[in-house]
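Take a look at the structure below.
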Amino acid sequence: MKLSRRIALILTLALIPIMVLWAALFFFAVEREVVDETDDALEEYAELIITRYNDGRVLPALNSGGKNIYTLTPISDEEARHIPREEYYDKEVYIPEHDDTEPARVLSTVFRDKEGRYLHLEVAMPTIEKDDLVATVLTWSVVLFGVLLIAVVVVSMLVFRGALRPLYALLKWLDGYKPGEGHQPVPNETNIKEFRRLNEAADSAVKRSEAMVESQKQFIANASHELQTPLAVIGNRVEHIIDHTSPNEEQLEELVKIQQSLRHSVRLNRTLLQLMRIDSGEVAESEDVDIVTLIRECVENCSEVYEAKAIECAMHLPEHFELRMNETLARTTVINLVKNAYVYSPAGGTVTITLDDRRLTVANAGDAALDSARVFDRFYTRTTREGSTGLGLAIVKAVADHYGFKVSYAFTNHRHTFTVEF
Amino acid sequence: MKILIVEDEPSLSELIEREVRSEGYVTECARDYITAETKIVGYNYDCILLDISLPGGSGLELLSKLREMGRRENVIIISARDSVDDRVAGLELGADDYLPKPFHMTELIARIRSVLRRGRTGGSLTIDIGNVSLDPSSRRVNIGDRSIELLKKEFDILLYFMQRPDHLVDKVVLAEAVWGDYADESDNFQFVYAQIKNLRRKLEAAGADIEIRSIYGFGYKLTLKAE
């Protein structure tokens, strides 16, 4: 759920009860005021009738078409004692004109005339108008508070979006960030303190992780570098034993095996160094390299070296295809792809190399798909093979990344297919 | 022939010294910049093996010092900093050769012989063993006074052996040296046997007095034919 939605939801949920309570209180206040007003009017009217009656003046006509109705009934002293002096209540009153009863507000009072007789006066006012008023008030309360609620939510959303723009800018920047590939500075064009601090924190976190990646790279490079001399020393000592101490056949065989393992370590080390150099962009200058020539040369060598596997190679190549890149890296890339195909192809299989439309595909038969997410990872190897460094495809990937090529792997029709899009 | 070994790594320095001495050269060692500088200023050498990263300074500085002094010593740079820039800088400063670490001692000896011979003969770089003479730059091989035709791989194999006479070469090493990265994952060396067979046949037919001998099941050695 987006933060803005969540805030809108919380705002709505919190405001609804408050608004409802607010509207209810407002409604009851208005209604009360209306009732008070009615009561005041009734009281005035009752006073008018009492005064006129006592003065012997003419009383307002009963049901004169006016809004108010009254009844004046003489009562005994006994009855007068039971009726409260003044009382307001709601009651259904018969309206002769409509020949029907209608809800009305009634003031019942008892007074004595000049002769000291008790009279019971009931003044009534139909409440239809009051109900109308109340209904109107209720409708408007609901409408107005509803509109207010929507307005509050919409405005806060707009304000929120506007205020959070630096956050979205930061998120966009974070999405685009790839560790170890250098970075654009964090956008920090806000003067809001919290966001400034957030941006600064992101910036320093990224710098720290960059520094860490860098020091790790440096470490691997240094370690590989430092290993070179001791490896060479071991190799040369073994060589010395072989050449100068006349070992017997068994000893010689062991020594040669030591040399082989050692060479593997040296190669691994050298490849790691190369990988590190490419990664850190230490690539010597570019020149125009004809990829087609490289492929032909590579296929020729592979066919020679893997002659025993009797692999056929189907090439679909243009006359020339020149790329501007470092020759050594171009060669390494082509060799690794083609050699892989030869090494992992079953004996008697066919390796297919196609180059067209700036796209090189190398395919060989295989039994099962490789883990396409990891196939270009360092030290991802399909089988433990003597001599395999597990870095060949990682180098291909590193070179591709350096020059902005795209490498991919697919397994279709029981063929491993590696593609480089230049 | 006096050779100065400027190398800070004791173990490597010792190995180089032993190997170079066994070839009949006189050696001196310097383990740091100051010692090396003192020796270079004070004595003359036929060849200097120069490491680039040294305690107290850079081998490249020593090299430029040598050139400033107008000295013509042969210098072979031996460096673990296998970067193109270093190589170019070294050669521009007048080094005769550049050998990236890690290297084989036989390789080093071959390079020393080569630069010393070049110094004497004034440019010719041929390697001569018995009646076989091989010129790496023109890729020509003469046996006696007859030139023989070798295919590319056959030539590469012969060159590799001639740089290491009397030295056991494992077939895997040979495959990697000649076929480079292509061969490092191969587990069948039929292609090596085939090339060796052809090369032997050609040497034999041309009357060479060197031969490539098989040593047990796994290696070869280039030797002068026994009389």
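Every number in this text was worked out from the coordinates using simple rules, so none of it is lab data. Given the structure is predicted, the values throughout are model-derived calculations rather than measurements. Heads up, the Cβs are rebuilt from the backbone with ideal geometry, glycines too, and the neighbour counts pull from every protein chain shown.
Separation of the alpha carbons by more than 22 angstrom is noted, of A:K172/A:K207; A:K91/A:K114; A:K397/B:K171; B:K202/B:K225, for A:K91/A:K114; A:K397/B:K171. Under 5 Å from the amide H of B:Y98 lie the amide H atoms of B:I77, each residue being 5 or more positions distant or on a separate chain, with H modelled from the backbone and absent for Pro and chain starts. In the elastic network of chain B, a GNM with C-alpha springs shorter than 10 Å, the most mobile of B:E149, B:E37, B:E17 is B:E149. Please check: in the Gaussian network model of chain B (C-alpha springs, under 10 Å), which one of B:D181, B:D97, B:D170 has the largest mean-square fluctuation. Greatest mean-square fluctuation among the candidates belongs to B:D181. Computed over chain A with a Gaussian network model linking Cα atoms closer than 10 Å, the most mobile of A:R277, A:R267, A:R117 is A:R117.
One Cα centroid belongs to segment B:162-199, the other to segment A:303-366; the line between them spans 22 Å. Counting only aspartates and glutamates at least 8 places from B:K39 when in the same chain, those with an alpha carbon closer than 17 Å to its own are B:E7, B:D8, B:E17, B:E28, B:D51, B:E61, B:E68, B:E73. Between the amide H of A:M315 and those of A:I353, distances stay under 5 Å, these residues lying 5 or more places away or on another chain, with hydrogens modeled in the peptide plane. For chain B, excluding the exposed loop sites themselves (trypsin sites (Lys or Arg not before Pro), DSSP loop, at most 14 other Cβ atoms within 10 Å), the longest remaining stretch covers B:140-224. Evaluated with a Cβ-only charge set (Lys, Arg +1; Asp, Glu -1), segment A:194-279 carries a dipole of roughly 420 debye about its Cα centre, given to the nearest 20. Summed over all non-identical Cα pairs, the Kirkwood treatment of the protein assembly as shown gives a radius of 34.1 Å. On full extension, the segment bounded by A:A373 and A:A61 gains 102.3 nm, given 0.36 nm per residue less the C-alpha separation. Determine, from the Cβ-Cβ distance of A:T328 and A:L13 and an R0 of 56 Å, the FRET efficiency 1/(1 + (r/R0)^6), rounded to the nearest 0.05. Once rounded, the FRET efficiency stands at 0.30.
Note on segment B:127-224: with charges restricted to the Cβ of Lys and Arg (+1) and Asp and Glu (-1), its dipole about the Cα centre is near 320 debye. Hey, if you put +1 on the Cβ of every Lys and Arg and -1 on every Asp and Glu Cβ in chain A, which of A:G235, A:T389, A:A46 ends up farthest toward the positive end of that dipole? The one lying farthest along the dipole's positive direction is A:G235. Of the residues B:A80, B:M105, B:I34, the one whose Cα sits farthest toward the positive end of the charge dipole of segment B:25-175, with +1 on the Cβ of Lys and Arg and -1 on the Cβ of Asp and Glu, is B:M105. Once a ≥ b ≥ c are taken as the square roots of the eigenvalues of the Cα gyration tensor of chain B, is the result rounded (a/c under 1.5), prolate (a/b larger than b/c) or oblate (a/b not larger than b/c)? In terms of gyration-tensor shape, prolate. The trypsin sites (Lys or Arg not before Pro) of segment A:1-97 meeting both criteria, a DSSP state outside H, G, I, E and B (loop) and at most 14 other C-beta atoms within 10 angstrom of the site's C-beta, are A:K2, A:R57, A:K67, A:R85. Near the amide H of A:G390, within less than 5 Å, lie no amide hydrogens of residues on another chain or at least 5 residues away, with H placed in the peptide plane. Placing a label point 7 Å from the Cα of A:D40 along the Cα-to-Cβ direction, the residues of segment A:101-121 with a backbone N closer than 20 Å are A:105-108. Here's the picture: charge each Lys and Arg Cβ at +1 and each Asp and Glu Cβ at -1 in segment A:287-421, and of A:A400, A:A365, A:F379 the one pushed furthest to the positive end of that dipole is A:F379. Here the dipole of chain A is about 1980 debye; that uses its Cα centre as origin and unit charges on the Cβ of Lys and Arg (positive) and Asp and Glu (negative).
Mind running the shape call on segment B:2-121? Use the C-alpha gyration tensor, a ≥ b ≥ c as the square roots of the eigenvalues: rounded below 1.5 for a/c, prolate if a/b tops b/c, oblate otherwise. Taking the square roots of the gyration eigenvalues as a ≥ b ≥ c, segment B:2-121 is rounded.
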